[in-house]
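Readers should treat all values here as calculations from the given coordinates under stated rules, not as data from a laboratory. All values reported here derive from a predicted model rather than from experimental measurement. We place every Cβ from the backbone using ideal geometry, glycine too, and count neighbours over all the protein chains shown.
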Ligand code: TRP
């Protein structure tokens, strides 16, 4: 993690630690070079701290809070150990991030039973298991979307993916599995942004690599079952330059957000390249329907609903802040929790750590080995102990994965109780997970081989969809 992506509170804590270290080194008469290096780090952190907060660092006074919609990632309520931003997700708790605190911190609303019941009523069908189980747990303005839907008013879906490698893992599919369900039940258009430009700006990759990954990842996305007549997938590198309407929106957004605001929201510093600083406008633009005249016929007031993981919320807090000032409706949002790493819910799956993830290309054997070897267990050390005291499903990664993928609510509840009581052993729980994942991944692979280059081409061509406005 580089200093520029740290929150003000993390910077403050690092400053305290480095200050302490310098004092210790001095008392111990340490080497001059070592003290000098620590001093250099202290200076750099001070600069970053000032960049992120606009204030000078002062020992003993932590950074001020800022809780407004467009504002900062605040740490006011003591949800201090959780880091959640577009680049980092971590917590010290084995149960994972405290999502209720995150709702308070981000100022969003909880998807409570009342909202899930309302969705069921409006749709006349059972809500997706991700809603029933709190995997999509937070929202902005979802009631407004349902009001509009009940009055037969149009809306559309927008989601995206940053294509940073060819290897996608199961966690990457969560928003797409859910978006596919939303598209089916609401029968509405969907736009999917592949931010190859973003990955070029943030990673050590060439433009060609990023664009290639965008097309490759699009195949995995298409394999989730999206309707070709209702879905437009676009690479920023391709679409930005071909759509005057899209670029006009980018520029409008750029004009209405200051450097200070993006510093506050994203933690950018003076030494970040200007591409990063203006990128949020590009992720915001698809939230406005006139960015896609071929789909919406130039209408600028079709409401947008964005399903995404909660770490993307900073982009859309900014978008919602800008929208009324440039005469557009604010996008509504549905936020998901993270898909935990095999090693535990302290962090999410990472494509750069092969053992933390189950990839969409893994063989049945690899899946079995990874689950058996690496999935963090909430079980006891010996069978006797486990039988006597039972396991803890709340920290058990295999159980967590089952909450994502096992459709049957009753079966899931029974597994939970049996695991807790000790009737179900860790090995048995893992076997249930393996039996759930293997066919799921094989079927995905099968569907992916059916995706031809022509299909990808068609999904990615700007064109009217099966809707008239
Ligand atoms: N920035 C996202 C990522 O790195 C990609 C993205 C673009 C996205 N637009 C989005 C994700 C809209 C969710 C919703 O993965």
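So the values come out like this:
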item: From the C-alpha gyration tensor of the stretch 348-469, square roots of 5λ in Å; result: 37, 17, 12
item: For the chain, fraction of C-alpha pairs farther apart than 43 Å, in %; result: 17
item: The chain: relative contact order as a whole-number percent, Cα under 8 Å and 6+ apart; result: 17
item: Gained length - residue 120 relative to residue 448, 0.36 nm times residue gap less alpha-carbon distance; result: 115.0 nm
item: Extended-chain gain in nm, criterion 0.36 nm per residue less alpha-carbon gap, residue 184 and residue 353; result: 57.5 nm
item: Relative counts (whole %) of C-alpha pair distances in the stretch 238-383, using bins that are 10 Å wide; result: 10, 29, 25, 19, 13, 3, 1
item: Inter-label distance for residue 409 and residue 457, nm, one decimal - labels placed 7 Å from Cα along Cα-to-Cβ; result: 4.6
item: The stretch 374-457: relative contact order as a whole-number percent, Cα under 8 Å and 6+ apart; result: 28
item: Percent antiparallel among DSSP beta bridges (both partners in the chain, rounded to 5); result: 40
item: Distance in nm between pseudo-label sites at residue 276 and residue 343 (7 Å out along the Cβ direction from Cα); result: 2.4
item: Estimated inter-spin distance, residue 229 and residue 431, nm [label 7 Å along Cα→Cβ]; result: 4.6
item: Within the chain, helix-based [θ] at 222 nm, where runs of 4 or more DSSP H residues each add -39,500 (n - 2.57), nearest 500; result: -15500 deg cm²/dmol
item: Efficiency of FRET from Cβ geometry, residue 31 and residue 385, R₀ 60 Å, rounded to 0.05; result: 0.75
item: Likely footprinting exposure, 202, 87, fewest C-beta neighbours within 10 Å first; result: 87, 202
item: Extension gain, residue 21 back to residue 100 (0.36 nm per residue minus Cα-Cα distance, nm); result: 24.9 nm
